[in-house]
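A.B. asks: Here it is, the structure, as C-alpha cells.
The values are calculated or read from the model by the stated rules, or taken from the named source; none is laboratory data. Please read all numbers here as calculations on a predicted model, not as lab measurements. Because the Cβ atoms are built from the backbone with ideal geometry, glycine has one as well, and the counts that use them run over all protein chains shown. Keep in mind that these areas ignore ligands, DNA and RNA; they rest on the heavy atoms of the full protein, side chains included. Shrake-Rupley method; radii C 1.70, N 1.55, O 1.52, S 1.80 Å.
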Amino acid sequence: MLPRLSAALSVPKVKLVCRTADGRERPYIGSLCSSERVTLTAAVPRIMGAAAVVMRIFPDEGNGEGYSDLPFTYSCQADTYDKYVLDLAPGDFGSGAAGLYFYEFLFLRGMDTLFSDTRNNVDFTLTPHSCGRFRLLVYEDGFTTPDWLGGGVMYHIFVDRFCRGEGRTLLRDDAVLDPDWRNGVPQYGERPGSPVKNNVFFGGNLWGVREKLPYLVSLGVSVIYLSPIFTASSNHKYDASDYLHVDPEFGGDVAFLTLLEAAHASGIRVILDGVFNHTGDDSIYFDKYHRYGGGAWDDMSSPYRRWFFFRNSPSGEDGGEPEYESWWGIPILPKLNLEEPSCRDFFIGEGGVCERYLCMGADGWRLDVADELPDDFLSALRERVKGVSSDAAIIGEVWENAADKISYGRRRAYFQGRQLDSVMNYPLRSALLSYAEYGDASFLADELKEIYSSYPRQAADVLMNIIGTHDTVRVLNLLGAPEKTREAELLSNAERAGTRLSDAERAAGLRRLRVISALQYSVYGFPCVYYGDERGMEGLGDPFCRYPMIWDERTENELVRHYARLAEVRREPAFDRGEFEILRAEGGYIEFVREKATDDGISRVRVAANLGDTDAVMSVEGCWRELYSGKSGEGDYTVAPCEFAFITQISCDVTEETK
C-alpha cells in the first residue's frame, strides 16, 4: 500500500545530484550556461512506490501552461533506493537562449502523484499538489566576471565625510563649509524625506582618500568604491551638474588622477558610482537656475531638451513651472531619457562618460538604481565597458534577488550574460541582520542557499556583500538596539540626530558585529565595508549614517584590528571563488565549508558561527588550526555563544607552543 499524504512529506527523502561536465556535483541544478549539459540523478526510496520521475519545466510567465515534461530514465537499484537519470541541457526545454525558467519534479505512483516543494531553491519536501517551484536561470555562453573581484575586500567611501586632505579644492559659491569635523551634524530636514539643500560640506576630498591609503592597506582593502565624484551642487553628488569633470570640491580631475596612481601603486583598484538614471536640476543639461545657459529647462532648442521627460511645453521663465519626470518625484533630480540616442551616446558611446573614466584609470562602475536603467542601455553599457577593458567591473544596485527581479512590470535580465557582473547583496544583508537579532541559523542557511543556487556561479563568486551603506542605518545601531532603531523611524530628524546607543547596547552591538562580519568575509562573494563601520560609528539612516569619519580616541581600536584580521584570514585561497556548501544549521549555530583546488593542493576551511545561548560543537577528526586566532588542537572544536571559527585541517605534528 502506498503511504497516504495528509501534509508535506519529508521522509522518505529523495536525494538529487546534479553532475556537471567537469565532474563537479551539487544537490541542485542552479543556473546553466546555454550550451551546458548536466546529468541529474534522483535516488528515490523504494518505499515511496514511485513508478516514474518527471521534471516539469515552465517558461517564465508561462502561467502554468506551455510546460515541457522531461522524463527520467530508470537506471538501477541501490540498497533501498531506485535510481533515475536525466541528461539535461537548455535546448531540451527551450531554444537554448538565455532566460528564466521554473521547474518541479513529479513522482508518479499510479493512483496519485507527488510534487516537489522547495523553500530555498535547493532542498525540497513532497506534497500532493504543485507548490513551490525551483528557479532555473540560463545565461549566455562566454559570460565571465573579473578575476580580481572575488578574492578582494572592498571599502565604500562617502567622499565628503571620509577625510579632509591637504590639496587644492574649490567650493561653489552657494556651498557652506562646516569646520567642525568632530562634532558637526549632517544637514537635515524636519523629518525623514523632507526637502533639504544638502549644500553643507565637511570638506572631505580625494586628497584625503589618498592620504589614508596606508590605513586602507592595513585593513587589507583591495578595492575602493567611491560615492559619486562628478561635479554637482550637493554634498552627496547624486545630482550631477557636469559628468565630464570630477568636482572641484573634491579636488577635481587632478586629485582623482593622483589618487588613482597612488591607489594602483598600493595594489588597490577604484570603482566609481555611475548615476545615469537622473541628473541634477542645477546642471549643464537641465539648467533650471540659468547658471550655464542652453539647458533643457526653458530652452526648446537646447541639445539636451530630448534628454528629459517634459509633460508640458514651458512658456518661459515667467510662464509657470513646467512639469517633468523626476526620480521618485524628487524635483531636483530630473529623470534622463536613456532611449534618446544623443543621451545614450553621451554616457555609453565612443568617448562617452563610461569610457572616459575607465581611460583615466578607473577599474569599474557601480550603477546607481540599476532597476531603472533600460535593459538595452545596460547591454550596450556592458559592451562599451568590456570593450575598453574586459577586466573592468560592473556592479548594479539591486535590492532583491537579481535572478527573478521584476521592476516596472518587466523581468530583468541582469545575470543572463549581457548586463551585470555583480549586484549589491541586499538579501544577504537582510538575512545576516535577521540572524543577529533572532538567532535563527536555518533562515540564514536558506537565504544563502537560495542566492547561491539562483545566480550563475561567475556572479555568485563576485557578489558585493554589504551590511552597511550610505542609504541604511548604521549596522552597529541595528545590531545593538534593533527595536529602538525601528521605533526611531517615527521620530523627527532633530530627535534622530541626538539618538545614541547606551553603553550596554553598544557592547551588545559590537559583540554581534564581530560574528556578522566574520560571516560577511567568508561566504561566497566579497565583503564591502562602509566607511566607519570598522571603527564603531553610529547613525540612524540618511543623513545620520553619513557623519564625518572618526579618526580620534572614539575609535573602537579592537574592532579595527578585528577587521584587519578578517582580511588576513580571507587570503586563504578557498575564499576566492571556492566552492560553498552549508553543513549544519541548528538553532543559533551555522556551519559551512569553502573549498578550492589549487596548485598546492586543496584549500578547505570550515566556517562556524554561534548566536545561540549554549556552546556548539564542530565535529573534527584529527588536528586543526583556527585561522583567526592561530590556535591549533586535535578533535572536536567548541564554538561558544557569540563566537565564530575558521577551521582548517592540519598535520598532527603540532608543537605545544601552537596549541
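A.B. asks: Tally up the residues in region 283-311 that are charged (D, E, K, R) and either in contact with a strand residue (DSSP E or B) (Cβ under 6 Å, 6 or more places away or on another chain) or part of a helix (DSSP H, G or I) (or both), please.
C.D. replies: 2
A.B. asks: Looking at region 591-612, is at least one residue at pLDDT 95 or above, open to solvent by 50 Å² or more (accessible area, probe 1.4 Å) and over 19 Å from Arg571 (Cα atoms)?
C.D. replies: The answer is no, given that none of the residues of region 591-612 is at pLDDT 95 or above, open to solvent by 50 Å² or more (accessible area, probe 1.4 Å) and over 19 Å from Arg571 (Cα atoms).
The rows are residues; the columns are (1) open to solvent by 30 Å² or more (accessible area, probe 1.4 Å); (2) of a type in the set (Ser, Thr, Tyr); (3) over 22 Å from Thr20 (Cβ atoms).
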| position | (1), (2), (3) |
| --- | --- |
| Ser35 | yes, yes, no |
| Ile47 | yes, no, yes |
| Val53 | no, no, no |
| Ile57 | no, no, no |
| Asp60 | yes, no, yes |
| Ser68 | yes, yes, no |
| Phe72 | no, no, no |
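A.B. asks: Also, I was wondering about something else. Among the residues of region 479-499, how many are surrounded by 12 or more Cβ atoms within 10 Å (Cβ to Cβ) and part of a loop (DSSP other than H, G, I, E, B)?
C.D. replies: Residues that pass the stated criteria total 4.
A.B. asks: Which members of region 500-543 meet the condition of being part of a helix (DSSP H, G or I), of a type outside the set (D, E, K, R) and under 22 Å from the mean Cα position of the chain (by Cα)?
C.D. replies: Hits for region 500-543 are Leu513, Val515, Ile516, Ser517, Ala518, Leu519, Gln520.
A.B. asks: Criterion first (buried (at least 18 other Cβ atoms within 10 Å of the Cβ), part of a loop (DSSP other than H, G, I, E, B) and at pLDDT below 95) does Pro192 satisfy it?
C.D. replies: So Pro192 passes the test.
A.B. asks: Turning to a different aspect of this structure: If only one of Ala413, Ala403 is on the phi < 0 side of the Ramachandran plot, in contact with a Lys or Arg (Cβ under 8 Å, 6 or more places away or on another chain), outside any helix (DSSP H, G or I) and at pLDDT 95 or above, which one is it?
C.D. replies: Ala403
A.B. asks: Anything in region 234-249 that is buried (at least 24 other Cβ atoms within 10 Å of the Cβ), more than 27 Å from the chain's Cα centre (by Cα) and touching a residue at least 60 places away in the same chain (Cβ under 8 Å)? List them, or say none.
C.D. replies: Glu249
A.B. asks: Only residues that are surrounded by 21 or more Cβ atoms within 10 Å (Cβ to Cβ), under 30 Å from Lys405 (Cβ atoms) and of a type outside the set (Gly, Ala, Ser): list them for region 105-116, please.
C.D. replies: Once the filter is applied, which keeps residues that are surrounded by 21 or more Cβ atoms within 10 Å (Cβ to Cβ), under 30 Å from Lys405 (Cβ atoms) and of a type outside the set (Gly, Ala, Ser), region 105-116 yields only Phe105.
A.B. asks: Is it the case that region 252-263 has a residue that's assigned to a loop (DSSP other than H, G, I, E, B), buried (at least 20 other Cβ atoms within 10 Å of the Cβ), out of contact with any Pro (no Cβ under 6 Å at 6 or more places or on another chain) and of a type outside the set (Asp, Glu)?
C.D. replies: Looking for residues that are assigned to a loop (DSSP other than H, G, I, E, B), buried (at least 20 other Cβ atoms within 10 Å of the Cβ), out of contact with any Pro (no Cβ under 6 Å at 6 or more places or on another chain) and of a type outside the set (Asp, Glu), one finds none in region 252-263, hence no.
A.B. asks: Going through region 179-189 one residue at a time, which ones are in contact (Cβ under 8 Å) with a residue 40 or more places away in the chain and loosely packed, with under 14 Cβ neighbours inside 10 Å?
C.D. replies: If the condition is that a residue be in contact (Cβ under 8 Å) with a residue 40 or more places away in the chain and loosely packed, with under 14 Cβ neighbours inside 10 Å, then Arg182 is the only one that fits.
A.B. asks: If you go through region 31-90, how many residues are free of Cβ contacts under 8 Å to residues at least 40 places away in the same chain and part of a strand (DSSP E or B)?
C.D. replies: Result for region 31-90: 12.
A.B. asks: I'd like the full set of residues that are of a type outside the set (A, V, I, L, M, F, W, C), farther than 15 Å from Val523 by Cα and in a helix (DSSP H, G or I), limited to region 419-445.
C.D. replies: Residues satisfying the conditions are Ser434, Glu437, Tyr438, Ser442.
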